[in-house]
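K.L.:
What follows is a single structure, and I will ask about it in a moment.
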Amino acid sequence: MNYKYHLIIKDMKKLLLTSLLLALFFAGFCQPKKSKLYGTWILESSVFTTEDSVYREGESYKKEMKIVSPGHFIFIINKTSDNSFIMASGGRAIIDGDNYTEIIDYSSRPDALNQTYRFKAKVVGDKWYHTGLIGNWKLEEVWRRKK
């Protein structure tokens with residue numbers, strides 16, 4: 001091999017290695033920060049408030065589990081009395097400070113697809129409190145971290 005080409009290849013390898021190391025270094029700064037919302041959650045209670053009514057649901061009516069990971073969420077709901085399936089949905093999760101947003105990309109209920117729900121979220125110990133709107137209904141939920 002010609003000495004000139006050998007030096008060019010050697011310089012290209014150095015440039016490639018340096019570029020790779022820089023990319024890995026800066027990728028560390030772009031990783032999503034660990035959120036207190038990441039994990040598996042069990043619904044303890046939910047309160048739906050309309051203009052003229054308040055509906056309370058707890059573990060006696062339905063069992064709901066939600067899993068939140070960087071960029072994604074999924075939940076499943078079963079009826080407590082007979083463990084029958086009610087629904088499941090999932091999609092993108094966006095966490096920005098105390099703002100938690102779910103964008104439903106797949107669901108067992110077609111009317112839920114492409115819906116976006118925004119919540120104010122707060123984690124205290126092993127409890128997750130969130131409040132937001134589902135249509136015109138105000139929703140307040142309390143979740144417990146599954147250990």
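K.L.:
With K138, K146, K120 as the choices, which residue is without any contact (Cβ under 8 Å) to a residue 60 or more places away in the chain and of a type outside the set (S, T, N, Q)?
P.N.:
K120
K.L.:
For region 118-131, does any single residue satisfy the condition of being part of a strand (DSSP E or B), modelled with pLDDT under 95 and in the same structural domain as G71 (by TED's automatic domain parsing)?
P.N.:
Yes: one or more hits.
K.L.:
Select from region 110-142 the residues that are among the β-branched types (V, I, T) and out of contact with any His (no Cβ under 9 Å at 6 or more places or on another chain) and write down the one among them that is farthest from G39 (Cα to Cα).
P.N.:
Across region 110-142, the extreme among qualifying residues is I134.
K.L.:
What are the residues in region 89-102 that are surrounded by 16 or more Cβ atoms within 10 Å (Cβ to Cβ) and of a type in the set (A, V, I, L, M, F, W, C), if any?
P.N.:
The answer is A93, I95.
K.L.:
Can we say I94 is more than 8 Å from the chain's Cα centre (by Cα) and assigned to a strand (DSSP E or B)?
P.N.:
Taking the combined requirement at face value, the residue does not satisfy it.
K.L.:
Give the residues of region 36-85 that are under 11 Å from the mean Cα position of the chain (by Cα), in a strand (DSSP E or B) and farther than 18 Å from K127 by Cβ, sorted by residue number.
P.N.:
S69, H72, I74 - these are the residues of region 36-85 that are under 11 Å from the mean Cα position of the chain (by Cα), in a strand (DSSP E or B) and farther than 18 Å from K127 by Cβ.
K.L.:
I've got another one for you. For the condition of a type in the set (S, T, N, Q) and closer than 22 Å to K36 by Cα, what is the one hit in S81, S60, S46, S107?
P.N.:
S46
The values are calculated or read from the model by the stated rules, or taken from the named source; none is laboratory data. These numbers come from a predicted model, not from an experiment. Every residue, glycine among them, receives a Cβ derived from its backbone with ideal geometry; neighbour counts consider all protein chains shown.
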